[in-house]
Amino acid sequence: MANTDLDRGSRVLTQKSKRYSIFSLARNAASYHQNWQQAWRHAEPKPAYDAVIIGGGGHGLASAYYLASIHGMTNIAVIEKGWLGGGNTGRNTTIIRSNYMWDESAGIYEHALKLWEGLSQDLNFNVMFSQRGVLTITHSEHELKGMSRRVHAIRLNGIDSDILTPAEIKKRVPTINISPDNRYPVMGGFLQKRGGTARHDAVAWGYARAADDLGVDIIQNCEVTGLRRNGGQITGIETSKGFIKTPKVGCVVAGHSSVLADMANIRLPIASRPLQALVSEPIKPILDTVIMSNAVHMYISQSDKGEMVLGAGVDKYNSYAQTGSWPIPEHMVAAAVDLFPFLSRLRMLRQWGGIVDTCPDASPIISKTDIKGLYFNCGWGTGGFKSTPGSGHVFANLIAHDRPNSIALPYSLKRFETGYLIDEHGAAGVAH
Amino acid sequence: MLKINCPVCGNRDETEFSCGGEAHIARPIADNKLTDTAFSEYLFMRDNPKGVFLERWCHTSGCRRWFNLARDTISHEIIEIYPMGQMPKTAKGKKAYQANWRRKSKAEAASKPAKRNIK
């Protein structure tokens, strides 16, 4: 059900010539596709902005888009040290869901899911959001009881969640092995029908194009080297392209959050770990649901190209190398083959890693800091992709109003002083 | 796959070990007067460098002893391994130890017992 109070910021691409449509496709086909307009400008930094977002991934670009489209802040920039979407946004396994346990989590993840529903229309860019369902499998009596509690908590927050028996799972997922002789037999599962996947790169590109159209400068290949302050107020950022004056800085750099925080003597509880993903050779459609398993420890889906996309837990020690170590995928594939025997025939084509900023409670940090004008949006750890639109939406709100709204408030950095942690290790579905 | 030279058992694969995170975190003594902010620095805040990191590791599948390890978090080069309770000896290790914000934290200062006048 659409939330009519939700300001989606969909005021974009008002110039008809820039809008994507069947007509623009036909028009451009007629001219051999040589006249498509650049999706965004390659901007050079101005001396000053009203706000700067550090980090050109999905979250940062979403933040900039909502700052411009909802809060009217168009004299802003996104600063990205590499190429936009080249960090975790381009490296995740694309899973989207909002079936977390605590009320605070339901707040942010469902907020994100409602934005996903309609995002392609908002941005006039096909993010390929596919609500194919996310099914989490349980493998023991203990897990069944835990699952029951979770499902009820999720439903009490008005979010869809259904319990499935092994037979119902087999009906929906014919290739799954539900034999009672498995080392970890399938004993049931819970399904969020509205969950699914999206094209991760498209989200970055969609937000970038929309933000650029509103006047946001997206500056790539520009590394932040310092955060300048005057007393307790941020005054600007030092970058590889010079100093940029600004009274508001939003840091959205995931695994590099501590690197930025150190520049301003801000302490974070974050550990940067590799999170790996694996992709098989493409095959014909065989799996049309996202499957996750905590005990067996893997999550799998099939991309529109036909590749099986697999992921598992984080590596056990800090790294900024974006690779990870071999025992993790080896352990994960063994677990996956147990559930999906057909996988044993597939060649794995690519393996890669991101740098995930894990928090002690597996919940994010969306927060002001002790420095006025300096805001951090980080700590999403293994759960950042699904929250992309919601994260950007509430972070833009925080930056514009200098005050967190009710969705962001529980995610203050101060919770590590008050002790009001939001423990979502169970819902994270990824071992830390 | 890291090869870690356990001080007791010798060279082993990383899968035999557990990483305990940041090394040299001293617990404030019981009668400290720390604020919640200062205590949270001990309890939750962590050093998370892109570069040389001092960690503590446990040989869980072997001798189960803990030791300290200086490692580069970009190249994964192990710079030195030194016993639990001791300080790094290499230049890079010492630099990483001194550069850590925790050295100046109130929580670390509160981990050292006040000098008592024993007559």
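Read-outs throughout are calculated quantities, based only on the coordinates presented, and are distinct from any laboratory measurement. None of the values given here were measured: they were computed from a predicted structure. Positions of Cβ are generated from backbone atoms using ideal geometry, with glycine treated the same way; all protein chains shown enter the neighbour counts.
Treating the Cα atoms of the protein assembly as shown as identical point scatterers in vacuum, please give the log10 of the normalised Debye intensity I(q)/I(0) at q = 0.12 Å⁻¹, two decimals.
-1.23
For the protein assembly as shown, what is the charge dipole size about the Cα centre, in debye to the nearest 20, if Lys and Arg each add +1 at the Cβ and Asp and Glu each add -1 at the Cβ?
In total the dipole reaches around 1040 debye.
Check which residues have an amide H placed less than 5 Å from A:Cys251's amide H, if you skip close sequence neighbours.
Correct list: A:Ile54, A:Tyr375, A:Phe376, A:Asn377.
Place a +1 charge on the Cβ of each Lys and Arg in segment A:9-119 and a -1 charge on the Cβ of each Asp and Glu, then give the dipole magnitude about the Cα centre in debye, rounded to the nearest 20.
Using Cβ point charges on Lys, Arg, Asp and Glu, segment A:9-119 gives about 560 debye.
Taking the Cα centre of segment A:212-321 as the origin, how large is its charge dipole in debye, to the nearest 20, when only Lys and Arg (+1) and Asp and Glu (-1) carry charge on their Cβ atoms?
Here segment A:212-321 has a charge dipole of around 540 debye.
Efficiency by 1/(1 + (r/R0)^6): what FRET value for A:Asp288 and A:His401, r their Cβ-Cβ distance, R0 = 51 Å, to the nearest 0.05?
Given R0 = 51 Å and the Cβ-Cβ separation, E is 0.75.
Along the charge dipole of segment B:6-119, pointing to its positive end and built from +1/-1 on Cβ of Lys, Arg, Asp and Glu, which listed residue (B:Ala38, B:Tyr97, B:Pro113) has its Cα farthest out?
Of the candidates, B:Pro113 comes out farthest on the positive side.
Pairing the Cα long axis of helix A:388-401 with the longest principal axis of chain A, what angle in degrees results, from 0 to 90 and rounded to the nearest 10?
30 degrees
What residue among A:Asn99, A:Thr197, A:Val127 has its Cα farthest toward the positive end of the dipole of chain A, where the charges are +1 on Lys, Arg and -1 on Asp, Glu, each on the Cβ?
A:Val127
Would you calculate the separation in nanometres between label points at A:His42 and A:Leu144, each defined as 7 Å from the Cα along the Cα-to-beta-carbon direction?
Computed distance between label sites A:His42 and A:Leu144 equals 6.0 nm.
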